[in-house]
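The values are calculated or read from the model by the stated rules, or taken from the named source; none is laboratory data. It should be emphasised that the depicted structure is a prediction, and the values quoted were computed from it without experimental measurement. Backbone-built Cβ (ideal geometry, glycine too); neighbour counts: all protein chains shown. These accessible areas exclude ligands, DNA and RNA; they are computed on the full protein's heavy atoms, side chains included. Shrake-Rupley method; radii C 1.70, N 1.55, O 1.52, S 1.80 Å.
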Amino acid sequence: MPQSPLHEEHVRLGARFVDFAGWDMPVQYEGVLAEHEAVRSAAGVFDVSHLGRFRLEGPESTRLLQTLLCNDVGAVEPGRAQYTMALNQSGGIEDDIIVWRWEEDRYWVVPNGANEDKVRALFVSRADTRSTIEDLRESTVLFAVQGPAAPAAIETVLGRRPVRFCLFETTFAQHPVWVAGTGYTGEPGGEIAAPIDAAVELFGAFLAAGLTPAGLGSRDTLRLEMGYPLWGQDLDPQTTPLEAGLAWVVDWDHEFVGKEALQRQRDGGIPKEQIGFIMEGPQIARNGYPLRSGETTGVVTSGNYSPTLKRGIGLGYLPPPLAADLRVEVQVRDSWLPVVRHDPPFIERT
Amino acid sequence: MDVPDDRQYTEEHEWLLPGEGGKVRMGITDYAQDALGDVVYVELPAAGETFSKGDAIAEVESTKSVADVYAPVTGTVTAVNEDLASQPELVNSDPYGDGWFVEIEIGDAAGLDSLLDPAAYRELIA
């Protein structure tokens, strides 16, 4: 199983590991609750080297991205990043992706770790001979530095603060470093790529700047508190952006794979709709638990404990129409338990 | 991992501490709480409920997953640890003490044969 170039560092820090997208990655160090709290109140550093990343360059690259992705990358200024999705012909979500637009015709594409090979193969199959596609996973590591204190910590280490959804390139110990003001926690900060040769030293500099090492366990509770969907649970090839409450990611003014199916669904209605909920009692709903509202049934796609609310929270799908006062229940083992519907985010962040 | 000498264990990582009048106190081991991670909710039975050895007697929710806890003996629940409702983290911080789950009055002593002594349990988790 592939390991991060930082694996030995994680072992030294007492990490526990988990198979994540086929990678052996840290799930926690001290504990999920402590790391969650550190990111919400100060800042943490996550090794997210399992995430996909490849460079796409060439005069046709913008057109290619516009064809294959449902948001319009043409509307993004060079030096900025965009959240977007690759759809299939049925409008289903093959992946949700961040695109980093460095220059007019030079991009980084950042898919989910589990989808890197699929998405890169899709681009390779559609690219013309003038396009360059380079896998960056073998040559770089990727960190997420997140939390209210993250911008200052990044400035301490790299000399500059990230700005939300803006990119910059700098150097660290003579190595190039690439920074995007993005993340998956709802906190300020950035995602930072560096050559593998710089990985250990840069990780050490982040820790020395006071960042708490945080694992993928807390990354999941942090993202769920914000209602950010996870591909493979909340999003999949049988689920469209309209069903997932992600219509804002769809740019209708350009042609893209899956557009016709989405238009039909926009005009004809969706068969399921995402809902968010907070448990009334102390129980915790999990991915796969049944949901119901009256006679209609659905399923929980993400459920966990919210360390901030100290309650179970979750995302799931039910068939519309979903009246505002709809009574929704979730089945936990043998009991149907009432939940409070709540549109994400589940917590207030500015 | 801590394995106190004063009690017995199961292969499902529970401990039993004999008390007075044929009662035993039970909980989960240090190894179990460590594997579960941060415990955020424990569902306990009500006093008076009866269980056969091997029945699911409690559920432990952590930030990672949910795990069943099985009755290590056949008997009747005589007391439950009410503190876990407001402080489930006691299971992590003091699994052999304040993080206990229930007290059981043993109904059938036959099941006690298969319990592990501390040395055998240490070997199991080694």
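Run the accessible area of the range A:228-294 with a 1.4 Å probe and give the carbon-and-sulfur part as a rounded percent.
Details: 1430 of 2980 Å².
Heavy-atom surface of the range A:228-294 belonging to carbon and sulfur, 1.4 Å probe: 48 percent.
If you count, for every residue in B:55-65, the Cβ atoms of partner chains within 10 Å of its Cβ, what is the mean?
4
Along the charge dipole of the protein assembly as shown, which of A:Thr129, A:Leu69, B:Trp15 sits closest to the positive end, that is, farthest toward it, with unit charges on the beta carbon of Lys, Arg, Asp and Glu (+1, +1, -1, -1)? After comparing all options, I get A:Thr129. Temperature 20 °C, viscosity 1.002 mPa s: under these conditions the Stokes-Einstein estimate for chain A, based on its Kirkwood radius over C-alpha pairs, is 102 µm² per second. Per-residue 3J(HN,Hα) values for the range A:216-233, derived from phi via the Karplus relation 6.51 cos²θ - 1.76 cosθ + 1.60 with θ = phi - 60°, read 6, x, 6, 4, 6, 5, 5, 5, 5, 4, 8, x, 5, x, 10, 5, x, 10 Hz in sequence order (x marks Gly and Pro). Look at the stretch A:299-305: the mean tally of other chain Cβ atoms within 10 Å of its residues' Cβ atoms is 2.
Based on alpha-carbon atoms, the Kirkwood radius and the radius of gyration of the range A:272-350 give Rg/Rh equal to 0.94. Less than 5 angstrom separates the built amide H of A:Leu337 from those of A:Val330, A:Gln331, A:Val332, all sequence-distant by 5 or more or on a different chain.
Packing, taken as the mean count of other beta carbons within 10 Å per residue, orders the peptides A:272-282, B:82-92, A:140-150, A:245-255 from highest to lowest as A:140-150, A:272-282, B:82-92, A:245-255.
Once the C-beta distance of A:Ala208 and A:Glu138 is scaled by a Förster radius of 30 Å, the resulting FRET efficiency is 0.65 to the nearest 0.05. Looking at chain B, the pairs of alpha carbons with a distance over 22 Å make up 28% of the total. Rank B:Leu44, B:Val73, B:Ile104 by how far each Cα sits towards the positive end of the charge dipole of chain B (+1 on Lys, Arg Cβ; -1 on Asp, Glu Cβ) and give me just the farthest. Result: B:Val73.
Starting from the Kirkwood radius over alpha-carbon pairs of the range A:78-210, derive D by Stokes-Einstein at 10 °C in a medium of 1.306 mPa s and give it in µm² s⁻¹. The partial results should precede the final answer.
Numbers: Rh = 15.8 Å.
In µm²/s, the coefficient is 100.
Note on chain A: dipole from Cβ charges, positive end direction compared against A:Leu142, A:Gly91, A:Ala285; the farthest Cα belongs to A:Ala285.
Modelled spin-label separation between A:Val163 and B:Glu82, with each label point placed 7 Å from Cα along the Cα-to-Cβ direction: 5.8 nm. The amide H of B:Leu116, built 1.01 Å from its N in the peptide plane, has B:Tyr9, B:Thr10 as neighbours under 5 Å, considering only residues 5 or more places off or on other chains.
If the chain between B:Ser114 and B:Asp68 were fully stretched, how many nm would it gain, using 0.36 nm times the residue separation less the Cα-Cα distance? It would help to have the intermediate numbers written out before the result.
Details: separation 46, 0.36 × 46 = 16.56 nm, distance 1.95 nm.
Gain on extension, B:Ser114 to B:Asp68, equals 14.6 nm.
Each of the peptides B:6-15, A:114-123 was scored by the mean count of other Cβ atoms within 10 Å over its residues; in descending order, highest first, they stand as B:6-15, A:114-123.
Compute the Kirkwood hydrodynamic radius of the range A:54-135, taking the inverse of the mean of 1/r over all pairs of distinct Cα atoms, and give it in Å to one decimal.
12.4 Å is the Kirkwood radius here.
Backbone amide hydrogens, once placed in the peptide plane, bring B:Val73 within less than 5 Å of B:Gly54, excluding anything fewer than 5 places away on its chain.
In whole angstrom, the range A:169-256 maps to an equivalent ellipsoid with semi-axes of 32, 18, 11, each derived as √(5λ) from the alpha carbon gyration tensor and ordered largest first.
Using bins of 10 Å that start at zero, the share of Cα-Cα pairs per bin across the range A:1-127 amounts to 12, 35, 28, 21, 4, in whole %. Rounded to the nearest 500, the helix-only mean residue ellipticity at 222 nm of the protein assembly as shown stands at -5500 deg cm²/dmol, with each DSSP H run of n ≥ 4 adding -39,500 (n - 2.57). Computed 3J(HN,Hα) for the range A:305-317, one whole-Hz value per residue from the Karplus formula 6.51 cos²θ - 1.76 cosθ + 1.60 where θ = phi - 60°, is 7, 8, x, 6, 7, 6, 8, x, 10, x, 10, x, 10, glycine and proline marked x.
For A:Met1, put the label point 7 Å out on the Cα→Cβ axis and report which residues of the range A:7-47 keep their amide N under 13 Å from it. Residues A:16-28 qualify, since their backbone N sits under 13 Å from the label point. Both chains summed, the buried accessible area for A and B stands near 1200 Å², from protein heavy atoms and a 1.4 Å probe.
Students often check this: by mean Cβ neighbours within 10 Å, which of A:184-190, A:174-180 ranks highest, and how do the rest follow? Kindly include the intermediate steps, with their values, before the conclusion.
Numbers: A:184-190: 24.3, A:174-180: 18.0.
Highest to lowest by the protection proxy: A:184-190, A:174-180.
Computed from backbone phi with θ = phi - 60° and the Karplus coefficients 6.51, -1.76 and 1.60, the 3J(HN,Hα) list for the range A:199-205 is 4, 5, 5, 5, 4, x, 5 Hz; x is used for glycine and proline.
Can you give the average number of partner chain beta-carbon atoms within 10 Å of each beta-carbon in peptide A:30-37, as a whole number?
Values: counts 1, 6, 6, 8, 1, 2, 2, 0.
For peptide A:30-37, the averaged partner shielding equals 3.
About the Cα centre of the range A:191-350, what is the dipole size in debye to 20, counting +1 per Lys and Arg Cβ and -1 per Asp and Glu Cβ, all else neutral?
560 debye
State the antiparallel share, in %, of DSSP beta bridges confined to chain A, rounding to the nearest 5. Of those bridges, close to 95 percent are antiparallel.
Residues of the range B:7-51 that lose at least 30 Å² of accessible area (1.4 Å probe, protein heavy atoms only) when the other protein chains are present, relative to their chain alone, are B:Asp34, B:Asp38, B:Val40, B:Tyr41. Residues in the range B:18-32 near a label at B:Asp55, defined as backbone nitrogen under 18 Å from the 7 Å Cα→Cβ point? Flagged as within label range: B:23-27. If you plug the beta carbon distance of A:Glu201 and B:Glu12 into 1/(1 + (r/R0)^6) with R0 = 51 Å, you get a FRET efficiency near 0.70.
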